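I have placed the structure first, in the form of structure tokens, so that the comments after it can refer back to it.
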Amino acid sequence: MKKSLWIALALIIGILPGFFLVFNFMFSDIISLNERILSFLIVIAAYLILGAAFGLAGSDIGWKWGIWISLPAVIIALAYSFSEAGTLAINLAYSASALGSSAISAYLTSKFLRKRKQ
């Protein structure tokens, strides 16, 4: 498949965890610290898996897969921050979690794949 189709697929697939995980956790009323930590761990795990999957699918792009996968979540978080101004810090934290975990896992898996091909 062409690189542009893979990027479009990454954006489309990134909408699912962006909306159903990141937006849901930002929107829901999480009362305890344990629940908040668990929600961050779920977001990180989901984006680690997606980043690894796309890192294996195309090792030539590497860590940039993380940008394409997490871009919907970042956009959703920023849009929600304008409607709920008091949640900017937590929304940025969810965005950073999604972006960081997907970029790191995509980079590591693509690096592993390139080493294996040599």
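Worth a mention:
Yes/no matrix, rows are residues, columns are (1) in contact (Cβ under 8 Å) with a residue 60 or more places away in the chain; (2) exposed (fewer than 13 other Cβ atoms within 10 Å of the Cβ); (3) touching a Gly at 6+ places or on another chain (Cβ under 8 Å); (4) over 17 Å from ALA96 (Cα atoms):
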| site | (1), (2), (3), (4) |
| --- | --- |
| LYS3 | no, yes, yes, yes |
| TRP6 | no, no, yes, yes |
| ILE12 | no, yes, no, yes |
| PHE19 | no, no, no, no |
| MET26 | yes, no, no, no |
| ASP29 | no, yes, no, yes |
| SER32 | no, yes, no, yes |
| ILE37 | no, yes, no, no |
| LEU41 | no, yes, no, no |
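- Within the stretch 1-32, the set of residues being under 14 Å from the mean Cα position of the chain (by Cα), over 15 Å from PHE54 (Cβ atoms) and β-branched (Val, Ile, Thr) comprises VAL22 only.
- Breaking point among (1) over 17 Å from ILE90 (Cβ atoms); (2) of a type in the set (Asp, Glu); (3) in a helix (DSSP H, G or I), for GLU35: (1)
- Residue match in the stretch 76-85 (condition: assigned to a helix (DSSP H, G or I), within 25 Å of SER4 (Cβ to Cβ) and touching a residue at least 40 places away in the same chain (Cβ under 8 Å)): yes
- Annotation: SER97 fulfils all but one of (1) within 8 Å of the chain's Cα centre (by Cα); (2) within 29 Å of LYS2 (Cβ to Cβ); the unmet one is (2).
- The residue list GLY55, GLY51, GLY62 contains one member that is in contact with a Phe, Trp or Tyr (Cβ under 7 Å, 6 or more places away or on another chain), part of a loop (DSSP other than H, G, I, E, B) and surrounded by 15 or more Cβ atoms within 10 Å (Cβ to Cβ), which is GLY62.
- Some residue of the stretch 104-115 being out of contact with any Asp or Glu (no Cβ under 6 Å at 6 or more places or on another chain), closer than 20 Å to ASN24 by Cα and of a type outside the set (Phe, Trp, Tyr): no
Each value in this text was obtained by applying a stated rule to the coordinates, not by laboratory testing. Since the structure is predicted, the reported quantities are computational estimates derived from the model, not experimental observations. Glycine gets a Cβ as well: all are built from the backbone with ideal geometry, and neighbour counts include every protein chain shown.
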